[in-house]
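Note sheet for the following structure.
The values are calculated or read from the model by the stated rules, or taken from the named source; none is laboratory data. This is a predicted model, so every value here is computed, not measured. Note: ideal-geometry Cβ built from the backbone for every residue, glycine included; neighbour counts use all protein chains shown. SASA here: full protein model, heavy atoms, side chains in, ligands and nucleic acids out. Shrake-Rupley method; radii C 1.70, N 1.55, O 1.52, S 1.80 Å.
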Amino acid sequence: MTLKIGVVGVGMIGREHIQRLGNKLVGAQVVALNDVNAKQAEDVAARLPGAKTYSTGEALIAASEVDAVVVTSWGPTHETYVLAAIKAGKPVFCEKPLATTAAASLRIVEAEVASGRHLVQVGFQRRYDKGYRALKKTINDGVIGAPLMIHCAHRNPSVPEAYVSDMAIVDTFIHEIDALRWLIGDDYVSAQVIVPRNTRHTHAMLDDPIIVLLATRNGVRIDGEVFVNCRYGYDIQCQVVGEDGIASLPEPESVPLRRDARLSTSIMQDWKLRFIDSYDVELQDWIEAAKTGKVNGPNAWDGYFAAVTADACLEAKRTGAVIPIVTSPRPAFYD
Ligand code: NAD
Ligand code: ISE
């Protein structure tokens with residue numbers, strides 16, 4: 001069976017996902033497109049045989065030819081479209097964040113639970129990355145004993161002018177928030193944010209870098225640096241310190257070069273390339289699971305947990321205080 005997919009939001013990552021769904025992955029076909037920028041949707045449709053455009057996301061989601069939905073529009077629009085997909089009883093892959101607030105994410109959780117069907121997957125692709133999976137296996141196999149601390153960093157060479165302070169948490173560090181919780185199978189209980197001296201490469205609306213401190217239920221302490229004008233490259237670091245050893249996220253492959261009296265490897269510049277394989281694995285897995293009414297990847301509860309944590313980090317940054325991370329009770333539906 002071919003899963004007929006409608007995509008809402010054909011901006012940068014929407015177009016990338018459309019490409020991979022059409023050219024790399026199997027078992028799916030993009031048949032419907034919508035974007036608030038209608039011309040952009042028309043342009044993409046013109047290059048996609050068999051795809052037509054819809055004037056609203058809601059119309060696309062309700063269309064009988066659409067079996068499943070990919071939401072790649074701006075974050076503040078996610079809630080509306082994910083709720084519409086749940087209402088239509090259609091599997092939905094929603095790019096991160098699930099919604100921009102914890103309250104909106106909880107409404108999605110409640111709607112999914114009420115529907116009685118597992119329909120929602122969130123685009124936290126790092127769970128599908130080979131390196132993160134190898135690191136998780138090392139931890140799960142007990143090689144380093146119980147995890148005690150995690151030191152991590154999310155560094156981008158630069159960000160556009162429109163990127164402002166909250167985005168360092170809700171757009172960028174949200175990947176670590178989900179990935180680390182999954183990595184050690186533990187939930188966060190508090191957050192604190194420290195703002196060091198700003199780099200001269202930032203602007204008035206962006207504190208850069210910041211350090212996020214998280215504590216987990218089992219007492220693991222996490223320090224996460226977010227530095228989005230680091231200049232030198234896109235660099236994701238993760239080191240898990242355990243009782244018996246230390247395990248680190250593998251570096252992306254790069255040929256060691258001896259030249260001009262130097263030994264060097266290159267560092268990626270573009271975040272899109274760093275996790276490119278994991279986007280493929282993630283969407284292929286979603287296609288297969290959606291056909292059988294399952295969600296294998298990060299679900300609505302994970303999206304909600306990430307949103308609660310992000311909200312706590314924002315408050316922690318605003319107040320300088322240690323903020324408790326408190327969720328509503330986890331429905332048995334997600335066990
Ligand atoms: P973008 O601005 O390039 O594209 C967003 C698109 O949504 C635009 O074409 C815009 O016109 C459209 N849009 C806005 N409001 C809409 C509405 N109401 N209905 C339909 N379309 C609407 O942004 P992007 O970089 O492609 O990001 C899109 C989403 O994907 C964001 O949530 C972002 O956080 C997420 N994202 C995830 C990753 C990842 O690594 N998983 C990477 C980049 C972006
Ligand atoms: C971007 O929004 C993403 O989601 C990328 O995966 C991330 O690594 C990048 O730093 C963000 O800005």
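Quick one: how many residues across the stretch 194-215 are touching a helix residue (DSSP H, G or I) at 6+ places or on another chain (Cβ under 7 Å) and closer than 24 Å to TRP301 by Cα? Number satisfying all stated conditions: 1.
Number of residues in the stretch 156-185 that are of a type outside the set (S, T, N, Q) and more than 15 Å from ligand 1 (Cβ to nearest atom) equals 6.
Would you tally the residues in the stretch 81-97 being within 16 Å of ligand 2 (Cβ to nearest atom) and under 21 Å from ASP67 (Cβ atoms)? So the answer is 3.
Scoring ARG318 on the criteria (1) within 23 Å of the chain's Cα centre (by Cα); (2) assigned to a helix (DSSP H, G or I) leaves a single failure, condition (1).
Report whether or not SER165 is modelled with pLDDT under 95, surrounded by fewer than 24 Cβ atoms within 10 Å (Cβ to Cβ) and away from ligand 2 (no atom under 12 Å from the Cβ). Against the criterion (modelled with pLDDT under 95, surrounded by fewer than 24 Cβ atoms within 10 Å (Cβ to Cβ) and away from ligand 2 (no atom under 12 Å from the Cβ)), SER165 qualifies. Within the stretch 247-276, being under 30 Å from GLY145 (Cβ atoms) and not hydroxyl-bearing (Ser, Thr, Tyr) holds for ALA247, LEU249, PRO250, GLU251, PRO252, GLU253, ARG274, PHE275.
Checked against the criterion of being within 16 Å of ligand 1 (Cβ to nearest atom) and touching a Cys at 6+ places or on another chain (Cβ under 8 Å), the stretch 186-199 has no qualifying residue. If you go through the stretch 253-279 and keep only what is open to solvent by 100 Å² or more (accessible area, probe 1.4 Å) and more than 20 Å from PRO160 (Cβ to Cβ), you end up with GLU253, VAL255, ARG258, ARG259, ASP260, ALA261, ARG262, LEU263, ASP277. Filtered by the rule that a residue be without any contact (Cβ under 8 Å) to a residue 60 or more places away in the chain and closer than 22 Å to VAL212 by Cβ, the stretch 100-156 gives ALA103, LYS136.
Filter the stretch 236-250 down to residues that are within 16 Å of ligand 2 (Cβ to nearest atom) and either closer than 17 Å to LYS272 by Cα or of a type in the set (Val, Ile, Thr) (or both) and give me whichever is surrounded by the fewest Cβ atoms within 10 Å (Cβ to Cβ). In this case the residue turns out to be GLN237.
Do you know which residues across the stretch 102-130 are over 17 Å from the mean Cα position of the chain (by Cα) and of a type in the set (Asp, Glu)? Once the filter is applied, which keeps residues that are over 17 Å from the mean Cα position of the chain (by Cα) and of a type in the set (Asp, Glu), the stretch 102-130 yields GLU110, GLU112. Within the stretch 182-235, the only residue that satisfies the criterion of being charged (D, E, K, R), open to solvent by less than 20 Å² (accessible area, probe 1.4 Å) and within 19 Å of VAL170 (Cβ to Cβ) is ASP208.
Residues in the stretch 23-38 that are open to solvent by 20 Å² or more (accessible area, probe 1.4 Å), of a type outside the set (Asp, Glu) and near ligand 1 (Cβ under 10 Å from one of its atoms): 3 in all. Report yes if some residue within the stretch 1-21 is part of a strand (DSSP E or B), within 23 Å of ASP277 (Cβ to Cβ), open to solvent by less than 70 Å² (accessible area, probe 1.4 Å) and among the small types (Gly, Ala, Ser); otherwise report no. No, the stretch 1-21 has no match at all. What number of residues in the stretch 282-322 are within 12 Å of SER190 (Cα to Cα) and open to solvent by less than 10 Å² (accessible area, probe 1.4 Å)? Total meeting the criteria: 5. The residues of the stretch 274-297 that are basic (Lys, Arg) and farther than 16 Å from THR2 by Cβ, listed by number, are ARG274, LYS294. Scanning the stretch 18-33 for any residue that is farther than 19 Å from ALA63 by Cβ and within 16 Å of ligand 2 (Cβ to nearest atom) turns up at least one such residue. Beta carbons closer than 9 Å, at least 6 apart along the sequence or on distinct chains, never pair a first residue in the stretch 313-325 that is free of Cβ contacts under 8 Å to residues at least 24 places away in the same chain with a second that is among the β-branched types (Val, Ile, Thr) and part of a helix (DSSP H, G or I). Looking only at residues of the stretch 145-162 that are away from ligand 2 (no atom under 11 Å from the Cβ) and touching a helix residue (DSSP H, G or I) at 6+ places or on another chain (Cβ under 7 Å), we find that the one that is nearest to PRO76 (Cα to Cα) is CYS152.
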